[in-house]
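Right, one structure below, let's go through it.
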Amino acid sequence: MAKNVNLVGRNLYDLDTYSSAEIETIFETTQVMKSIIKRDYKKIPTLRGKTVCTLFFEDSTRTRISFELAAKRLSADVISFTKAGSSLKKGESLQDTVYTLDAMGVDLYVIRHGCPGTPALVHKYSDKPVLNAGDGKHAHPTQALLDMFSIWEKKGTLDGLKITIVGDILHSRVARSNCIGMKKMGAEVTVCAPRTLMPPKIEKVYGVKAEYDLYKAVQEADAVMALRIQMERQSEGLFPSLGEYSQKYGLNKNVLEQTKDDVLIMHPGPMNRGIEIFPEVADSEHSVIIEQVTNGLAVRMALLFLILGGKAAKEVK
Amino acid sequence: MKFKRRIIDKIELDRILKRMANEVIERNKDYEDLYIVGIHTRGVPLAKRVASYIEEFEDVELQVGALDVTLYRDDLNNIEHQPKIKDSILRFDIEGKKILLVDDVLNTGRTVRAALNALIDYGRPRSIQLMVVVDRGNRELPIQADYVGKKVPTSHNEVIRLYLSDYDEKEEVDIFETEK
Amino acid sequence: MKKLLKNGNVFVSKNKKFEICDILLEDDKIKEIGKELSDSEAETIDCNGYHILPGLIDMHVHLRDPGYTAKEDIISGAKAAAKGGFSSICCMPNTNPVLDNTSAINYVTRKAGDLDKTRIFVIGAMSKGLEGKEIANIGSMVNAGVIGISDDGNCIQNTKVALNVVRYASTYDLPIIVHAEDYTLSGEGQVNYGKMSTKLGVKGIPSLSEEIIVSREIMLANVTNSHIHFSHVSTHRAVELIRRAKADGVNITAEVTPHHLLLTEEECAEFDTNKKMKPPLRTEKDRQALISGLQDGTIDVIATDHAPHTDYEKELEFLKAPFGVIGLESAFPALYTNLVKNGEFQLEELVAKMSENPAQIIKQDLGLIAEGKTADLAVVNLDESFLFSENYIASKSHNSPFLGKTFFGKPKFTLCKGKIIWQD
Ligand SMILES: [Zn+2]
């Protein structure tokens with residue numbers, strides 16, 4: 001384990017503030033947590049007496065359950081605060097919500113919010129660490145960590161690997177956090193999308209390669225990740241039809257044939273089968289999609305342990 | 001930290017381990033259900049060492065595992081540095097088995113308490129025995145070892161350190177005094 | 001009432017140069033400028049070590065009064081202006097009710113007239129209710145004293161309406177002040193479309209959104225021969241469009257804000273809502289183009305677009321927080337410190353862009369230090385530095401992108417019509 005890594009009391013807004021040594025430590029701890037998940041008795045007493053609050057202003061049952069189960073496996077108490085849908089209503093005050101929860105003795109916040117930058121705002125009202133579980137189209141660092149762990153676990157490293165992310169890059173916080181994290185760990189990242197779904201200047205911002213032809217994008221890849229396409233992008237006029245999208249950017253058998261023999265196929269879920277990914281690919285031996293879910297739980301356990309397990313060093317605000 | 005004196009040298013350490021191996025043999029008769037588990041960090045090579053002596057004396061093969069108790073510690077709130085976890089390796093089912101826990105030093109008893117809890121989360125062993133090289137007193141919990149290499153009464157400002165050739169350049173047990 | 005300002009470094013307008021001399025004021029006029037003046041009746045003010053500028057003029061201020069007085073009101077806004085060295089400001093009509101009718105305009109002029117502080121000119125709406133549908137009562141607003149018209153904050157999207165407003169207003173001798181933004185392109189954009197929108201994962205406001213309207217308005221100005229003034233120009237292509245149109249003789253003028261001159265989109269990286277405004281902070285290339293535009297006269301005026309919002313509103317989530325930043329009190333010190341002090345820009349030029357030039361655009365006989373002219377003056381100490389903090393700010397709101405910065409060029413006195421309206 002890397003020396004001098006101390007994540008106690010740290011916030012996780014995005015991976016830009018985490019070093020490669022810290023990410024490596026998270027991976028190693030994740031491996032331990034994964035072995036615990038796999039045994040018959042899956043609970044450990046590590047965070048007994050700690051309270052984790054999940055603050056979800058946006059619907060995401062999957063992510064919320066994953067965090068809450070992670071906390072429970074570590075014997076922490078969980079407060080679940082959901083306010084989906086009402087987040088942009090007038091008169092809603094995040095400040096009051098956080099003050100109230102803080103008064104109840106929360107030790108760590110997990111926040112999902114439709115508005116980018118909100119995790120940092122929560123930390124403005126509370127001195128407790130904040131974990132970003134997705135803020136608007138900005139960042140989703142725990143998803144990126146689990147994606148990266150899934151590759152790291154199979155390939156032993158990310159350094160020098162070629163990773164391709166295909167889909168609606170423009171609206172994807174998963175893609176953004178992965179670009180930051182994977183580059184940090186030494187991978188070469190290619191993003192692939194129609195031009196209307198590609199963020200401007202992405203090559204400059206993240207040091208990744210933008211490719212518009214799926215066949216070219218996957219040829220050299222060690223891992224290919226498909227992103228979920230939201231149906232409403234069509235009505236927003238960003239691409240002509242799901243049919244055409246699927247034909248040009250869907251991962252199907254023909255695409256898989258162009259890849260390396262040991263390529264990993266990934267998807268953050270939930271999948272639109274038959275649109276961005278086809279069953280013959282999603283269920284192939286290359287796919288680690290189901291394992292990503294387990295890894296998600298393990299990564300979140302690792303983070304909760306690393307951040308809450310220990311006396312918090314005084315953080316300078 | 002100031003070196004005070006050596007309390008066990010290389011030869012004596014080897015003699016102690018052999019002696020304790022014999023005690024285990026005497027007490028356990030059959031080895032089918034006996035699994036040896038070392039507590040990270042120093043307990044792991046000690047467990048291997050003791051196991052190899054029993055194997056040598058009795059011509060049997062034993063299962064040896066490693067247990068990390070970090071996740072079971074009760075003092076996580078008080079440690080300043082990031083606790084490091086090592087993977088617990090128990091490649092066997094402990095259900096109904098006799099477990100021999102091995103550690104280097106028995107002090108407050110809290111590490112052993114954590115190890116007992118950790119072990120029990122893996123299953124329900126028939127019995128658990130405890131072996132330590134040094135028992136330095138200062139117990140805070142009602143825990144006693146079944147096999148003790150040497151009893152060394154110490155005060156709170158003293159630290160006992162076991163060196164093993166698996167990790168270190170020497171093999172001995174030293175006592176240090178912390179400056180306060 | 002006479003005042004004698006002794007030994008100041010005076011910006012003498014006829015020479016466009018600074019000279020150490022005295023200024024004698026009588027009532028609201030500058031009576032005499034010269035060396036070693038004396039007048040036994042006059043109150044003497046020692047200005048040794050200070051620079052004396054024409055009272056600054058800000059032609060783009062949101063006073064929020066009537067309607068949004070938690071953010072600012074006429075009194076607090078005038079105070080902030082005086083503290084920033086401004087003797088005159090022009091207030092924008094996006095209040096509640098909108099300044100698109102005589103009675104609303106009278107309310108502002110009456111309240112401002114009672115103040116005996118910074119002079120406040122009113123800009124009336126271009127379209128009724130700023131809705132971009134029907135021409136506002138421009139004729140009667142001119143009678144009520146407006147010095148320009150603008151839908152600022154909004155932009156007329158329908159080209160036919162835009163044309164008719166410009167054509168109708170061309171009868172009156174006033175600037176038509178345009179906030180250039182194509183809504184179909186800016187949409188729900190929050191920051192510059194480009195590096196920062198990608199980094200933050202928020203929708204971007206492309207430069208094109210501004211440039212398309214600038215192009216359109218240049219054409220409208222050309223066919224109607226009216227005077228169109230562009231508010232807060234922010235992109236390098238917009239500067240180029242204006243430069244070429246001016247060369248072609250089209251009757252247009254343009255302004256730029258201190259924040260667009262001094263800051264870039266990089267400032268937004270931490271989701272600081274005090275860096276969120278329209279148009280958004282752009283790239284370094286744009287910023288450099290704005291400075292060049294200022295230098296070669298493509299851009300005539302620096303105006304603050306002072307847009308106060310309460311702390312409560314700005315402390316919201318990034319998407320929820322309103323656009324706009326305050327600027328009255330930071331404008332001159334920030335520009336002096338970051339453009340003049342480092343030699344990028346001449347102090348004389350900066351002063352002209354903040355006094356004489358806006359006075360010409362709003363057609364007021366102000367902005368000059370010359371005998372017989374109105375005694376509007378800003379006395380500043382270029383060598384005195386200060387911390388620009390929330391405590392320093394006199395405005396009701398604190399949403400400045402410059403909080404925590406140290407500036408030189410501290411305003412010491414501001415005079416309007418011969419009266420000291422603010423003193424450090
Ligand atoms: Zn505007």
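Per-structure values
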quantity: The lone exception for C:ALA247 - which of (1) open to solvent by 10 Å² or more (accessible area, probe 1.4 Å); (2) within 14 Å of the ligand (Cβ to nearest atom); (3) of a type in the set (Gly, Ala, Ser) it fails; calculated: (2)
quantity: Which listed residue is facing chain A (nearest Cβ under 10 Å) and of a type outside the set (Asp, Glu), from B:THR41, B:THR70; calculated: B:THR70
quantity: Enumeration of residues in segment C:192-220 that are more than 16 Å from the ligand (Cβ to nearest atom), within 13 Å of chain A (Cβ to nearest Cβ) and open to solvent by less than 70 Å² (accessible area, probe 1.4 Å); calculated: C:GLY194, C:LYS195, C:MET196, C:SER197, C:THR198, C:LEU200, C:GLY201, C:VAL202, C:GLY204, C:PRO206
quantity: The lone exception for C:ASP248 - which of (1) within 14 Å of chain A (Cβ to nearest Cβ); (2) over 23 Å from C:PRO333 (Cβ atoms) it fails; calculated: (1)
quantity: Flag if C:GLU131 is in the same structural domain as C:ALA78 (by TED's automatic domain parsing) and within 15 Å of the ligand (Cβ to nearest atom); calculated: no
quantity: Per-region count, segment C:322-344, residues part of a loop (DSSP other than H, G, I, E, B), out of contact with any Phe, Trp or Tyr (no Cβ under 7 Å at 6 or more places or on another chain) and within 16 Å of the ligand (Cβ to nearest atom); calculated: 5
quantity: Residues being among the small types (Gly, Ala, Ser), closer than 22 Å to A:ALA210 by Cβ and more than 11 Å from chain C (Cβ to nearest Cβ) - total across segment A:111-163; calculated: 2
quantity: Filter result for the condition that a residue is away from the ligand (no atom under 16 Å from the Cβ), farther than 30 Å from A:LEU238 by Cβ and either crowded, with 23+ Cβ neighbours inside 10 Å or not assigned by TED's automatic domain parsing to the domain that holds C:GLY77 (or both), over C:THR118, C:THR109, C:THR171; calculated: C:THR118
quantity: Residue check, C:MET126 touching a His at 6+ places or on another chain (Cβ under 6 Å), closer than 26 Å to C:GLU255 by Cβ and either among the small types (Gly, Ala, Ser) or within 16 Å of the ligand (Cβ to nearest atom) (or both); calculated: no
quantity: Residue match in segment A:72-81 (condition: at pLDDT 90 or above, within 11 Å of another protein chain (Cβ to nearest Cβ) and open to solvent by 20 Å² or more (accessible area, probe 1.4 Å)); calculated: yes
quantity: Residues that are more than 14 Å from chain C (Cβ to nearest Cβ), surrounded by fewer than 24 Cβ atoms within 10 Å (Cβ to Cβ) and either of a type in the set (Lys, Arg) or closer than 13 Å to A:PHE239 by Cβ (or both), drawn from segment A:166-194; calculated: A:LYS184, A:PRO194
quantity: Near pairs, Cβ below 6 angstrom, 6+ apart or cross-chain, from segment C:161-190 (within 14 Å of chain A (Cβ to nearest Cβ)) to any residue that is among the aliphatic types (A, V, I, L, M) and within 16 Å of the ligand (Cβ to nearest atom); calculated: C:GLY189/C:ILE205
quantity: Segment C:385-409: number of residues that are open to solvent by less than 50 Å² (accessible area, probe 1.4 Å) and not β-branched (Val, Ile, Thr); calculated: 14
quantity: Where A:LYS204 falls short, out of the listed (1) without any contact (Cβ under 8 Å) to a residue 24 or more places away in the chain; (2) assigned to a loop (DSSP other than H, G, I, E, B); calculated: (2)
quantity: Lone unmet requirement of (1) away from the ligand (no atom under 16 Å from the Cβ); (2) open to solvent by less than 10 Å² (accessible area, probe 1.4 Å); (3) aliphatic (A, V, I, L, M) for C:LEU319; calculated: (2)
quantity: Candidates A:TYR13, A:TYR41 - the one that is open to solvent by 30 Å² or more (accessible area, probe 1.4 Å), over 27 Å from C:LEU200 (Cα atoms) and of a type outside the set (S, T, N, Q); calculated: A:TYR41
quantity: Given (1) assigned to a loop (DSSP other than H, G, I, E, B); (2) surrounded by 23 or more Cβ atoms within 10 Å (Cβ to Cβ), number of the condition A:ILE163 does not satisfy; calculated: (1)
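For (1) under 19 Å from the mean Cα position of the chain (by Cα); (2) within 15 Å of A:ARG228 (Cα to Cα), each residue gets a yes or a no:
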site: A:LEU242; (1), (2): no, yes
site: A:GLY250; (1), (2): no, yes
site: A:LYS253; (1), (2): no, no
site: A:GLU257; (1), (2): no, no
site: A:GLY269; (1), (2): yes, yes
site: A:SER284; (1), (2): no, no
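The values are calculated or read from the model by the stated rules, or taken from the named source; none is laboratory data. What you see is a predicted model; the values in this text were computed from it and never measured. Reconstructed Cβ throughout: ideal geometry from the backbone, glycine too, with neighbour counts over all protein chains shown. Only protein heavy atoms, including side chains, enter the accessible area calculation; ligands, DNA and RNA are left aside. Shrake-Rupley method; radii C 1.70, N 1.55, O 1.52, S 1.80 Å.
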